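Before any comments, here is the structure.
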Amino acid sequence: ASVLFLGPSPRLLLAFGSRAGVSTTGTGKKVLVMGGSGFVGREVCKEAIKQGYQVTSLSRRGENPLPNDPLLQQVEWVQGNALDQSTVNSLVKNKDAVVHAMGLLFDINSGLTNLNLIVSGSRSTPDEDSTYDNITRQTALNILNA
């Protein structure tokens, strides 16, 4: 599987993907979006659906963040922990590409975790393992090790 790490613009990623040797027309191809319920991740999911990809998203809650959105209704939403290597292994298997769109605004050490409910696109609540290092670096390493 190809692995793409996402910046602030999903369209930029998909355009960059073609230069990186990743097809940007996804008819029948399967993509896993890690963190697809977040602000950036949901836009990646929608763009991938528009381009014909079959999209699976892993997130803590495993719920469609916008249930009335017709594009997001086509995403397979999976609840799980991206820090769990076996979970990541099972989801990466049989995928043509993986997009890492996970982020964290206020980690468990910030003392500001309640603000995630207000400013986070996914409205996620960090747990004791929710450090910047785990959510950004370790989850990316789990994908690469899958």
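The values are calculated or read from the model by the stated rules, or taken from the named source; none is laboratory data. These figures come from a predicted structure and were not determined experimentally. The protein model used for the area step is the full one, side chains on, heavy atoms only, and it has no ligands, DNA or RNA in it. Shrake-Rupley method; radii C 1.70, N 1.55, O 1.52, S 1.80 Å.
For region 28-79, give the percent of accessible area contributed by carbon and sulfur heavy atoms, probe 1.4 Å, rounded to a whole number. Kindly include the intermediate steps, with their values, before the conclusion.
Numbers: 1130 of 2370 Å².
Here it works out to 48 percent.
The stretch between ASN145 and ARG61 holds 27.9 nm of extra length on full extension. This uses 0.36 nm per residue minus the Cα-Cα distance.
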